[in-house]
Amino acid sequence: MDRVEAVGDRFDVLQDFSRGERGMASRETICLNQLLDDFYRSNLPDMELSGLSFRLNLPKENILIKGRQDQLRIVLENLCYNAIFFTPPDGTITLELAREEGLGVITVRDTGAGIAPQDLPHVFERGFTHRPDNSGDGLGLYIVRSIALEHGGSVEAVSQPGKGSEFILRLPVL
């Protein structure tokens, strides 16, 4: 998908989200392996321009879920582009997929600044942001959590200051 279409799709999904039209009526079968591979390939140039190493780890087995691809792309964008903001130019962002106990597990791991322990419980709250330059509206991770829940899944953050962060999305598989 070309970048202009991706931005347009994201805008449409965000409009639906803001109107409360987040239902899963248009669920489709999604191969998470293919979704992550497509996302990786289309975002690799941006990652390389920022000086980061962007890695992708996929299992050999295809992992299928029911959901909305457009919403899951927004989750990946939010998680990966947050990681860019908090990771130094020589750092690494890893996008990984695994299967665990009936769940597809997507992990976005970075070697960035990490999250302070007192902030960690609040990162998915609406309006929470802790960017040093005061950019951002604090909606990105809130939307990530909302989309995870709408897909019958969950998301969590694990982090240590100075040692990077991991955001782990778990979705029920078919």
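Taking other C-beta atoms within 10 Å as the exposure proxy, H130, H151 rank H130, H151 from fewest upward. Residues whose amide H falls under 5 Å from that of G104, counting only those 5 or more places apart or on a different chain, are L171, V173, with hydrogens built in the peptide plane. Ranked for footprinting exposure by Cβ neighbours inside 10 Å, fewest first, V75, V155 give V155, V75. Here the 3J(HN,Hα) profile of segment 148-161, calculated from phi with Karplus coefficients 6.51, -1.76 and 1.60 at θ = phi - 60°, is 4, 5, 5, 8, x, x, 8, 9, 9, 10, 10, 7, 9, x Hz, Gly and Pro shown as x. For the listed peptides 159-172, 57-70, a ranking on the average number of other beta carbons within 10 Å per residue, highest first, reads 159-172, 57-70.
Placing pseudo-labels 7 Å out from each Cα toward the beta carbon at K66 and T129 gives an inter-label distance of 3.7 nm.
Bear in mind these aren't lab numbers, they're just calculated from the coordinates by the rules spelled out. Everything quoted here is computed from the prediction, not taken from an experiment. Neighbour counts run over all protein chains shown; Cβ positions are idealised from the backbone, glycine included.
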